[in-house]
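Novice: My questions all concern the structure below.
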Amino acid sequence: MKMSRKFNANEDLILILKWASPILAIIVAVIATWIAVFYASQPLLELHGFRQTHTAITSYWMIQDGWRLAYETPVAGYPWSIPMEFPIYQTIVALIAWLGNFQLDSTGRLISFCFLLACAWPAFMIVRRLNLPTQVAWVFCALLWSSPIYLFWVRTFMIETAALFFTVAAIPYAIDLCSPSPSWRSVFLFMLFATLGMLQKVTTTAPLLIVVAFIILATHLRSSGLRIPPWRQIVYVILALSVPIIITMLWTNYADALKMQNHLGAELTSKNLLGWNFGTIEERFNINILKTIFWDRMLVENAAGVFGIAIILGALFWGESRVRPILLSSIILFMLPILLFTHLHWIHTYYQASAAFFLIGALAVATVFLLPEGIGRYIVVPIITIIFVASNYYFFLAGYANYLKMRLDPSQTTILKVGELIRQNTPEDSGIVVFGLDWSSEIAYYAQRKSFTVPGWSNKYETVWKEPTSFLGGKELGAIVFCTYYDKPTFRDIVERPDIKRQPRLINVAPCYIWFPSTESNILPSSSFPIISLRIVDKRPTKS
């Protein structure tokens, strides 16, 4: 009787501890949701405003002018279409904002966050496909939704989590493809999600296709050796892997053809960006670059550093043998995007969102399988998970959370003030030209005007400098903005322009100057005062 009562007590304890991971995941989800909602209305300038507004301006002009396959990102002059990715996320945001008459910035942020929450669905499917305990999925969700990289970047107006969701949603069906007789349903759904992922962001999904191909081959060799697989399996696998690639190549060729019609777009074709995307061999062996990406940005902030490495290695060497291939596959999927697109991951901190998911997956599996099944596992797993979650929050509060607290309004932010002045003092259908802001969409987006924002590296820079109106497709020139964030233009370049000499009236919103061709604006100074300075304290980094 005593043994029976002890056994039942253990069972009750195990049952209680089993609920610890789901409860923790739910609490973490509530906190993440609060952060996303509370800061949803923040302007898109806290970090990488360049990329955020580049995405948002596409959605904005979809609402204004209607949807088209040759969608417009009107920041590079006429013609306004310079398509990069297929605009799945941008279209969803524009449609919801238009239907509900919602504010565009917050709509884009919240939809991005919803894609992250939706990643729980494929996570649970993957766990079932691999015959892992459901606790793995709950631990994974707790780590994912508390991870600093996702707490911040999923609430930005960017395509990262949409691409991640489509990529991860393909994985359960990729597992099905390892079977000697996969179903048509699995083949179709893998093609669907892999295609959506590739179209949304190639650099996120392409590494998965590479790993899936090798896993399918390795699975066959382990089970059947060198024997040729059934023809049906061969056809299914070839279709599943090739269709997303073919469709993406067709889109890329179409997008490049459109870019070639644009003065700046011709310099941004996939061929011209190839070297930029992949980087150099030297970068892949540069210890400082690899340390920055893998250790500083990923392992320390999102995996508790040495503690996370110890948990993964412990499960890899002493855990159950059946999870070792899973851990190795997760580690490869974590590292491969960075090793393939090293330059992009080094330059852009948000690119690691495509890789951190698999690091967190390895952590979740390792946490659950570090100890053999039994009362010890059920006690240790919640403790380790809480340590990881606490570490995540610590690094989030010490790092990314500081950007959430930034005050971004026209009184303290140059971009917003410049945009406000242009909206107030130019016709709605006019165009603007911007120098000295690379080819960022920030001013064009908040001015709500189509623009040619001319980067200093463009071979058209001097031509646009001399004849700015020639690149606006017949639109009236509403304003020229000169910013001194970069090397050019200099203040001397600005005041020496013939049109400004003829009409020497500039508005200075440091470090930018605005020149309006019309002198009717009530904010322009008298002729005896050629430059008016609107002093603001811009606390935003000058180069994001």
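The values are calculated or read from the model by the stated rules, or taken from the named source; none is laboratory data. If you're wondering where the values come from, they're calculated on a predicted model, not measured in any experiment. Cβ sites come from the backbone with ideal geometry, for glycine too, and all protein chains shown count toward neighbours.
Novice: What number of residues within the stretch 445-474 satisfy the criterion of being over 17 Å from Q261 (Cβ atoms) and more than 26 Å from the chain's Cα centre (by Cα)?
Specialist: Counting residues in the stretch 445-474 that are over 17 Å from Q261 (Cβ atoms) and more than 26 Å from the chain's Cα centre (by Cα) gives 7.
Novice: I'd like to verify a number: residues in the stretch 279-297 that are part of a helix (DSSP H, G or I) and either of a type in the set (S, T, Y) or outside the structural domain of M198 (by TED's automatic domain parsing) (or both), how many?
Specialist: The qualifying residues number 1.
Novice: Which residues, counting only those in the stretch 215-232, are surrounded by fewer than 16 Cβ atoms within 10 Å (Cβ to Cβ) and in a helix (DSSP H, G or I)?
Specialist: L217, A218, L221, R222, S223, S224, W231, R232
Novice: For the stretch 189-198, indicate whether the set of residues that are in the same structural domain as I247 (by TED's automatic domain parsing), free of Cβ contacts under 8 Å to residues at least 40 places away in the same chain, crowded, with 21+ Cβ neighbours inside 10 Å and in a helix (DSSP H, G or I) is non-empty.
Specialist: Yes, because at least one residue in the stretch 189-198 is in the same structural domain as I247 (by TED's automatic domain parsing), free of Cβ contacts under 8 Å to residues at least 40 places away in the same chain, crowded, with 21+ Cβ neighbours inside 10 Å and in a helix (DSSP H, G or I).
Novice: Can you confirm whether the stretch 128-139 contains a residue that is at pLDDT 95 or above, of a type in the set (A, V, I, L, M, F, W, C) and more than 23 Å from P372 (Cα to Cα)?
Specialist: no
Novice: Hey, among V235, V212, which residue is crowded, with 20+ Cβ neighbours inside 10 Å, in the same structural domain as E72 (by TED's automatic domain parsing) and in a helix (DSSP H, G or I)?
Specialist: Answer to the check: V212.
Novice: Sticking with this one: Testing S270 on (1) under 30 Å from S441 (Cα atoms); (2) small (G, A, S); (3) part of a helix (DSSP H, G or I), one condition comes back false. Which one is that?
Specialist: (3)
Novice: Confirm whether V368 is at pLDDT below 95, over 29 Å from K201 (Cβ atoms) and out of contact with any helix residue (DSSP H, G or I) (no Cβ under 6 Å at 6 or more places or on another chain).
Specialist: In short, no.
Novice: Quick one: which residue in G456, G474 is over 28 Å from P410 (Cα atoms) and of a type outside the set (S, T, N, Q)?
Specialist: After applying the criteria, what remains is G474.
Novice: Considering only residues that are among the hydroxyl-bearing types (S, T, Y) and part of a loop (DSSP other than H, G, I, E, B), look in the stretch 59-78 and name the one that is nearest to Q200 (Cα to Cα).
Specialist: If we take residues in the stretch 59-78 being among the hydroxyl-bearing types (S, T, Y) and part of a loop (DSSP other than H, G, I, E, B), then Y71 is nearest to Q200 (Cα to Cα).
Novice: Considering only residues that are in contact with a helix residue (DSSP H, G or I) (Cβ under 8 Å, 6 or more places away or on another chain) and on the phi > 0 side of the Ramachandran plot, which ones fall in the stretch 397-442?
Specialist: D438
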